[in-house]
1. How big is the charge dipole of segment 118-240 about its Cα centre, in debye rounded to the nearest 20, if each Lys and Arg gets +1 on its Cβ and each Asp and Glu gets -1 on its Cβ?
2. Per the helix-only calculation at 222 nm, which mean residue ellipticity applies to the chain, given -39500 (n - 2.57) for every DSSP H run of n ≥ 4 and division by its residues, nearest 500 deg cm²/dmol?
3. Filter K27/K52; K94/K204; K81/K204 down to the pairs with a C-alpha to C-alpha distance above 20 Å, please.
4. For the pair F187 and R212, how long in nm is the line joining their label points, each one 7 Å along Cα→Cβ?
5. Be a star and scan segment 115-138 for residues whose amide nitrogen sits under 19 Å from the point 7 Å along the Cα-to-Cβ vector of T97.
6. Taking the mean number of other Cβ atoms within 10 Å as a proxy for protection, how do you rank 132-139, 120-127 from highest to lowest?
7. Would you please give the FRET efficiency between E37 and R78, computed as 1/(1 + (r/R0)^6) with r the Cβ-Cβ distance and R0 = 35 Å, to the nearest 0.05?
8. Considering only C-alpha atoms, what is the centroid distance from segment 207-240 to segment 27-47, in Å?
Amino acid sequence: MNAGQFITGLVLIVLSAGLYFASRSRKAHAAQINQAEALNLGQAAQGRFYGKFQGSIVADQQLTTPYSVRPAVAWSARLEKGTEVPDDDGSTTKWETVWSQSASTPFRLKGAGELWFDERGGMPQLDAPSTFDQNIHDITNPIIMPYLPGRGFLGRLSKPDFHAVETSFAPGGQAFFIGPVEGVNGFWVAHRGEGKEYSVLTWKSEQQVRSRMSHARTIWLLLSLLAFAAGVLAILISFS
């Protein structure tokens, strides 16, 4: 028996199981979107409901994003440093996050009523649009200056390799929420999902969310079947 091929086959079968469960998860989320009712929050805030809500972002106070310097109600940013690592094919770039941060201020969605997002309910998963995505090689760029390896002669000669990424929700933008909401002191407040509840605030429309889930579910299912078939084949070959 070829032990290497046998182990490879087992790894592929385990990978296929992970991809299959990822596909099942997307199927379950899609079912929750289909079953969720559109929330009309113009009524008195009482009880807890699970549903979906589309609206425009409003905030009494605003934040400023760190890279694009835009107004925002919530943002997330990170800076990655690339390092060349030798390997059998020459070299590859290894990326390390050297800085990351996120921030949010209380805000609300105005649509069929008003829905608050703040510490009372805990922030759901945030899927914000990209507002900055840049590869930086200029040694004078202030974004990367604190993270340069050296300031001497050799440091000035070396070409830095950094990747800065930022996403944010801006006031006035449209957003779609699905998840639980609850009446708190006369206001409707968005909550994080409990258990297997799907809860997200996204810049994509409901139709786009459905489409992406459908594509991801199909791709992961196909990859699962391919990985399983390849794993079985590798195990059979290992005994030949």
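1. In debye, rounded to 20, segment 118-240 gives about 360.
2. The helix-only estimate for the chain comes to -10500 deg cm²/dmol at 222 nm.
3. K94/K204; K81/K204
4. Spacing of the two 7 Å Cα→Cβ label points: 2.7 nm.
5. Under cut-off, by backbone N: 123-136.
6. Ranked from most to least packed, the peptides come out as 120-127, 132-139.
7. 0.45
8. When both Cα centres are located, 32 Å separates them.
Each value in this text was obtained by applying a stated rule to the coordinates, not by laboratory testing. Note that the structure is a prediction, hence the values are computed from the model and not measured. We place every Cβ from the backbone using ideal geometry, glycine too, and count neighbours over all the protein chains shown.
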